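K.L.:
Input: one structure, supplied below.
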């Protein structure tokens, strides 16, 4: 996917230059003993997790278990209180190096889409590439057209977010994240705010993205989708990672009682 | 709709005045446009309009910029920045505009060892005074924008300045437009206070004419009408502008 892109080679993107730890055995994202508090409430409790390039992780768990907080810490929407998070060997802190590594590597899709309502779809997609990556507007437009094509709504480019259905808006949000050409995509319950008939079209786009080799961390309750896509399933409860296993083991014989109960509840209907 | 109301209000007001004029206590001759003297007086009064508008518009533009600069630290997560914002807003709001005008005109040149014209002293005092209110308006407007917009801007790595410029402020300004319109009307009225330091705007002109013609009732009535018409026109324009923005929103 990255090589097939027209603007890719000429794009003035630091991601194109070498010096990367590519795939292999070293973790691309690494969390070590991460704690996060909101006041007195401990949202993350000693979380450690390694994710290699190309891996797809699906996180599930009851609400308030820290799933969203975990992925929000990975792109520093939340700052962790203890422990260490690093991406591509760069520790996430307030420094410029961390900002650079986030800009070049991490895209995010939100539950509520969070498109910019006053900007057209095209402007939504090109704002980041032009302002944060320094691409010239023509290149950014090509990029936007390319990714809108990939999320299957090229014809919506000149519309405004409110003119689109929820499923279309979420696909635009995915395209917006992709226009930054990240190596990791974070999905925070991407289908939870959607009407049932629109869930499939969004999941389909995410599955195709997974098929193209994108590294992904996805918080979702769509277990069918998780079974197709995930390399590893993660179950969280009370801020801790309780269980982590490949999907077949995870669904057939979960080790912990809590995970078993959760799966029973969620898969019952 | 508002234009029709403006006309009917003004006519009603004028009709009442002329009825009063019939009783003999009124001396409309001072502003009677059919006599050369009355015409001269009327033009003298209307001439003040230029400075009233120039003063208000310049002051409101400066106060919007100043207000935004004061509002931003008020939204920061660092406490010292918020303290700066609070202190500025509380201090400036506590000073009466008239006092600020006098201090800027007579006091500031001595303190800062500069000379300042009446016009710029008036603009500065009005702008400073209004900036505290503008800052509060901006703060409320920016705070009303959903957190998800900030997070989305963060997720595509926009800098703080880009986030404000391209994402947050365009949405916030649309929401605070009615409040900004109110401030403009307020400013037009407050600009009358600058007459005390000799600014030749509407109120000063009226005062000067009263001194030479000894007809305060008629001249101040004209002054009231001048402000009334000015402000009704501005309010109507603001409402029209808002409606247009609203229509653009529903696009």
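The values are calculated or read from the model by the stated rules, or taken from the named source; none is laboratory data. What you are looking at is a predicted structure, and each value in this text was computed from that prediction instead of being measured. Backbone-built Cβ (ideal geometry, glycine too); neighbour counts: all protein chains shown.
K.L.:
Which residues, taken from the stretch B:156-175, are facing chain A (nearest Cβ under 9 Å) and more than 13 Å from residue A:131 (Cβ to Cβ)?
P.N.:
B:170, B:171, B:174 - these are the residues of the stretch B:156-175 that are facing chain A (nearest Cβ under 9 Å) and more than 13 Å from residue A:131 (Cβ to Cβ).
K.L.:
Moving on. Against the conditions (1) crowded, with 17+ Cβ neighbours inside 10 Å; (2) more than 15 Å from the chain's Cα centre (by Cα), where does residue A:74 fall short? Just the number, please.
P.N.:
With (1) crowded, with 17+ Cβ neighbours inside 10 Å; (2) more than 15 Å from the chain's Cα centre (by Cα) applied to residue A:74, the lone miss is (2).
K.L.:
Anything in the stretch A:89-111 that is surrounded by 19 or more Cβ atoms within 10 Å (Cβ to Cβ) and out of contact with any strand residue (DSSP E or B) (no Cβ under 8 Å at 6 or more places or on another chain)? List them, or say none.
P.N.:
A:103, A:104, listed by residue number.
K.L.:
Is it the case that residue A:137 is within 18 Å of residue A:202 (Cα to Cα), more than 9 Å from chain B (Cβ to nearest Cβ) and free of Cβ contacts under 8 Å to residues at least 24 places away in the same chain?
P.N.:
Against the criterion (within 18 Å of residue A:202 (Cα to Cα), more than 9 Å from chain B (Cβ to nearest Cβ) and free of Cβ contacts under 8 Å to residues at least 24 places away in the same chain), residue A:137 does not qualify.
Residue-by-condition table, conditions (1) in the same structural domain as residue B:73 (by TED's automatic domain parsing); (2) over 30 Å from residue A:181 (Cβ atoms); (3) at pLDDT 95 or above; (4) within 19 Å of the chain's Cα centre (by Cα):
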position: B:153; (1), (2), (3), (4): yes, no, yes, no
position: B:160; (1), (2), (3), (4): yes, no, no, no
position: B:170; (1), (2), (3), (4): yes, no, no, no
position: B:173; (1), (2), (3), (4): yes, yes, no, yes
position: B:178; (1), (2), (3), (4): yes, yes, no, yes
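K.L.:
Quick test for you: out of A:148, A:125, A:119, pick the one residue that is in contact (Cβ under 8 Å) with a residue 24 or more places away in the chain, surrounded by fewer than 23 Cβ atoms within 10 Å (Cβ to Cβ) and more than 15 Å from the chain's Cα centre (by Cα).
P.N.:
The match here is A:119.
K.L.:
Which one is farthest from the other protein chains (Cβ to nearest Cβ) among residues in the stretch A:163-190 that are outside any helix (DSSP H, G or I) and farther than 10 Å from residue A:109 by Cα?
P.N.:
Of everything passing the filter in the stretch A:163-190, A:165 is farthest from the other protein chains (Cβ to nearest Cβ).
K.L.:
May I ask you to list the residues in the stretch A:149-162 that are touching a helix residue (DSSP H, G or I) at 6+ places or on another chain (Cβ under 6 Å) and either away from chain B (no Cβ under 12 Å) or at positive phi (or both)?
P.N.:
A:151, A:153, A:154, A:156, A:157
K.L.:
Continuing with the same structure: Would a scan of the stretch A:88-96 turn up a residue that is at pLDDT 95 or above, in contact with a helix residue (DSSP H, G or I) (Cβ under 8 Å, 6 or more places away or on another chain) and more than 12 Å from chain B (Cβ to nearest Cβ)?
P.N.:
No, the conditions are met nowhere in the stretch A:88-96.
K.L.:
Got at least one residue in the stretch A:55-63 being within 11 Å of chain B (Cβ to nearest Cβ) and either crowded, with 24+ Cβ neighbours inside 10 Å or in contact with a helix residue (DSSP H, G or I) (Cβ under 8 Å, 6 or more places away or on another chain) (or both)?
P.N.:
no
K.L.:
Can residue B:145 be described as without any contact (Cβ under 8 Å) to a residue 40 or more places away in the chain and more than 9 Å from chain A (Cβ to nearest Cβ)?
P.N.:
For residue B:145, the condition - without any contact (Cβ under 8 Å) to a residue 40 or more places away in the chain and more than 9 Å from chain A (Cβ to nearest Cβ) - is met.
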